[in-house]
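Scroll down for the structure; my scribbles are underneath it.
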């Protein structure tokens, strides 16, 4: 395995909503709690590469990864320069997660053409490998993973990257991904969870969380491969779908859900704590750290 950024990390939109100083303070607490990596998205919030650098500068141990940086946002040379710069500054604490995003974002919001995403990703990675970069060299090898769902993109992650970061997946997908990637690649699935024991409240939060994703064909196509169908996607998602993609319950139940991905072959699980009011779930991060038995880095 080429990457070692802890067994459990935190995937979150929440730090985008905070002023930088407050985001740095929250990241420092995640570092103290023992999480291995913070995963930052790219959508319509902060620039994830700039944000990663700012959070890395305010922490000492935890890693930062992009989950994911879109290949349609920067050309390959610009991405290579940022990747090398962050690795030179912070070593193996930074992992570049790259993805093809989704057609509505790429075409509707950014004005690019979304065509043949697998070919686009392969061409982009090969262009990164050939990009001219004359800045100070990093002492660590820059590491990158692909936001891969389908078998062809997972195979590309095996051949052209250090691993994969699947999103909205089940342990069954993790097991399949491990077989495709092989034993020596880093597999870091995202896992959304709700720390709530009331089924109605928990599933309502899960449906709110999945609402945008069930309208994106990249995700629904992948879910069909996993055995879900039209009935599961109707009316905000069946209980079967919600329970599979957004497990809920007390801390022990969530710890079991994380462990299922590890048992299926994940090296790292990026836990996204879903809260109904959209606030920064710092109390839940603390509760989960204890339940997961993370090694505290508190002074």
Unique residue being at pLDDT below 95, in contact with a strand residue (DSSP E or B) (Cβ under 6 Å, 6 or more places away or on another chain) and on the phi < 0 side of the Ramachandran plot when the list is 3, 38:
3
Which pairs have Cβ atoms under 8 Å, sit 6 or more apart or on different chains, and link a residue in region 282-299 that is under 21 Å from residue 60 (Cβ atoms) to one that is modelled with pLDDT under 95?
289/296
Please go through region 6-35 and give me each residue that is out of contact with any strand residue (DSSP E or B) (no Cβ under 9 Å at 6 or more places or on another chain) and outside any helix (DSSP H, G or I), ordered by number.
18, 19
For region 135-157, how many residues are surrounded by 19 or more Cβ atoms within 10 Å (Cβ to Cβ) and assigned to a helix (DSSP H, G or I)?
4
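Taking the conditions exactly as written (touching a helix residue (DSSP H, G or I) at 6+ places or on another chain (Cβ under 9 Å), part of a helix (DSSP H, G or I), surrounded by fewer than 18 Cβ atoms within 10 Å (Cβ to Cβ) and in contact (Cβ under 8 Å) with a residue 12 or more places away in the chain), does residue 82 satisfy them or not? Quick ask: steps written out before the conclusion?
Values: touching a helix residue (DSSP H, G or I) at 6+ places or on another chain (Cβ under 9 Å): yes; part of a helix (DSSP H, G or I): yes; surrounded by fewer than 18 Cβ atoms within 10 Å (Cβ to Cβ): no; in contact (Cβ under 8 Å) with a residue 12 or more places away in the chain: yes.
In short, no.
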When you go through (1) part of a helix (DSSP H, G or I); (2) modelled with pLDDT under 95; (3) exposed (fewer than 13 other Cβ atoms within 10 Å of the Cβ) one by one for residue 104, which number turns out not to apply?
(3)
Among the numbered conditions (1) surrounded by fewer than 24 Cβ atoms within 10 Å (Cβ to Cβ); (2) out of contact with any helix residue (DSSP H, G or I) (no Cβ under 6 Å at 6 or more places or on another chain); (3) under 24 Å from residue 279 (Cβ atoms); (4) in contact (Cβ under 8 Å) with a residue 24 or more places away in the chain, tell me where residue 167 comes up short.
(1)
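Can residue 267 be described as within 21 Å of the chain's Cα centre (by Cα), surrounded by 18 or more Cβ atoms within 10 Å (Cβ to Cβ) and either more than 29 Å from residue 116 (Cα to Cα) or without any contact (Cβ under 8 Å) to a residue 12 or more places away in the chain (or both)?
On the way: within 21 Å of the chain's Cα centre (by Cα): yes; surrounded by 18 or more Cβ atoms within 10 Å (Cβ to Cβ): yes; either more than 29 Å from residue 116 (Cα to Cα) or without any contact (Cβ under 8 Å) to a residue 12 or more places away in the chain (or both): yes.
Spelling it out, residue 267 is indeed within 21 Å of the chain's Cα centre (by Cα), surrounded by 18 or more Cβ atoms within 10 Å (Cβ to Cβ) and either more than 29 Å from residue 116 (Cα to Cα) or without any contact (Cβ under 8 Å) to a residue 12 or more places away in the chain (or both).
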Listed by first then second residue, the pairs whose first member lies in region 131-145 and is farther than 24 Å from residue 68 by Cα, whose partner is in a loop (DSSP other than H, G, I, E, B), with beta carbons under 7 Å and at least 6 positions apart or on separate chains, are none
Residues (crowded, with 23+ Cβ neighbours inside 10 Å and out of contact with any helix residue (DSSP H, G or I) (no Cβ under 9 Å at 6 or more places or on another chain)) located in region 13-47:
36, 39
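Return a yes/no flag: does region 67-76 have any residue that is in a strand (DSSP E or B) and within 23 Å of residue 123 (Cβ to Cβ).
Keep residues of region 67-76 that are in a strand (DSSP E or B), which gives 69-70.
So of that shortlist, the ones also within 23 Å of residue 123 (Cβ to Cβ) come out as 69-70.
Taking every residue of region 67-76 in turn, at least one turns out to be in a strand (DSSP E or B) and within 23 Å of residue 123 (Cβ to Cβ).
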State whether one or more residues within region 282-294 are under 23 Å from residue 185 (Cβ atoms) and either in contact with a strand residue (DSSP E or B) (Cβ under 9 Å, 6 or more places away or on another chain) or modelled with pLDDT of 95 or more (or both).
no
Tally up the residues in region 107-126 that are at pLDDT 90 or above, out of contact with any helix residue (DSSP H, G or I) (no Cβ under 8 Å at 6 or more places or on another chain) and surrounded by fewer than 17 Cβ atoms within 10 Å (Cβ to Cβ), please.
3
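The values are calculated or read from the model by the stated rules, or taken from the named source; none is laboratory data. Source: prediction; values computed, not measured. Virtual Cβ from ideal backbone geometry, glycine too; neighbours counted across all protein chains shown.
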